[in-house]
Amino acid sequence: MHTPSQQPTDFDGRVDHSASPSAPPHRTRSVVLVSLGILGLAGMLFVLRRPLLMSAPTCLAGQWHGCLDTENGLLFTMLIGLPLPALAVWALAHRRRAAGVPSAWRMSLAEVGMVYGTVPFVWLTLMPGAGAGVVPGRLSLVPLQDLATMGSLGIVGNLLIFAALGFFAPMRFAVVASVPRILALGAACSLLVETAQYVLRLDRVSSVDDVLVNAVGAALAALASRRWWRSRADEPSEQCRPAPVSVR
């Protein structure tokens, strides 16, 4: 017996041919986003090509000073070391997929991205100055006072310190999947760093403006990844899923 295909109908029972297909498939959007990310990375490398080339001989020679204690050298080291975190993401995702864990790739990418994109910048902020251990700790507790002295490069650097944490943390942990919570998380992490600078007497100024800019950078990065962590937060958990009903 022939069964007619299911088509949308109007109130009179007639077939509605005006129904249009839904939004582009998820894979197409993912390809577009990945392509834009690659283009953005290529553009950043083109802009920073001179500083990176200046630090390349020092870093490739294995010299500590001039490489891992400078912004240019640290960025160069992170770029040439990208295959290692990529391999870590692949290994974690492969293991999780074999165990049947959902969203294995997203979870693995978020975990590795948080660590690889945050630890080097925190390391750089904790590098001691010339008067470390001799100069007493200095505080700047007046909000917005130090922004004028930071300069555009300093502001951008402070925005990037916890940007990876703000971008990836909501994708991995649903408990922080909101902009206010990421703002608070970025502020708390920045406060720990500023406190360490003061207690360890690293010849750095512990500024409240650093905390504010670091937190804003984390929040802006969270907004950039909101599409992924919002979808994860909306997924039903294993405890909320209804138990299967057996038909006898």
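I need the full set of residues from the stretch 195-221 which are in contact with a helix residue (DSSP H, G or I) (Cβ under 6 Å, 6 or more places away or on another chain) and polar (S, T, N, Q), in order please.
Residues satisfying the conditions are SER206, ASN214.
Could you please give the count of residues in the stretch 68-81 that are part of a loop (DSSP other than H, G, I, E, B) and over 20 Å from LEU165 (Cα atoms)?
Within the stretch 68-81, residues that are part of a loop (DSSP other than H, G, I, E, B) and over 20 Å from LEU165 (Cα atoms) number 3.
Within the bounds of the stretch 78-87, is there any residue that is at pLDDT 80 or above, under 25 Å from ARG227 (Cα atoms) and in contact with a Phe, Trp or Tyr (Cβ under 8 Å, 6 or more places away or on another chain)?
yes
Given the conditions (1) β-branched (Val, Ile, Thr); (2) within 21 Å of VAL122 (Cα to Cα); (3) touching a Leu at 6+ places or on another chain (Cβ under 7 Å), which single one is not true for ILE161?
(3)
Output the residues belonging to the stretch 50-67 that are part of a helix (DSSP H, G or I) and in contact with a Cys (Cβ under 7 Å, 6 or more places away or on another chain).
SER55, THR58, CYS59
Would you mind stating whether TRP123 is touching a helix residue (DSSP H, G or I) at 6+ places or on another chain (Cβ under 7 Å), surrounded by fewer than 16 Cβ atoms within 10 Å (Cβ to Cβ) and closer than 25 Å to LEU185 by Cβ?
The answer is no for TRP123.
Those residues that are part of a strand (DSSP E or B) and either at positive phi or β-branched (Val, Ile, Thr) (or both), I need them from the stretch 183-210; list them, please. Show your work before the answer.
Going through the stretch 183-210, the residues part of a strand (DSSP E or B) turn out to be 205-207.
The one that is part of a strand (DSSP E or B) and either at positive phi or β-branched (Val, Ile, Thr) (or both): VAL205.
Residues being in contact with a Lys or Arg (Cβ under 7 Å, 6 or more places away or on another chain) and crowded, with 22+ Cβ neighbours inside 10 Å: count how many of those fall in the stretch 135-174.
1
Mind checking which residues of the stretch 67-116 are among the charged types (D, E, K, R) and in contact (Cβ under 8 Å) with a residue 12 or more places away in the chain?
Those that are among the charged types (D, E, K, R) and in contact (Cβ under 8 Å) with a residue 12 or more places away in the chain: ASP69, GLU71, ARG96, ARG106, GLU111.
Residues checked against (1) farther than 29 Å from PHE76 by Cα; (2) more than 19 Å from the chain's Cα centre (by Cα); (3) in contact (Cβ under 8 Å) with a residue 40 or more places away in the chain:
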| site | (1), (2), (3) |
| --- | --- |
| LEU159 | no, no, yes |
| PHE168 | no, no, yes |
| PHE173 | yes, no, no |
| THR195 | no, yes, no |
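The values are calculated or read from the model by the stated rules, or taken from the named source; none is laboratory data. Note that the structure is a prediction, hence the values are computed from the model and not measured. In this analysis, Cβ positions are derived from the backbone assuming ideal geometry, glycine residues included, and neighbour counts consider all displayed protein chains.
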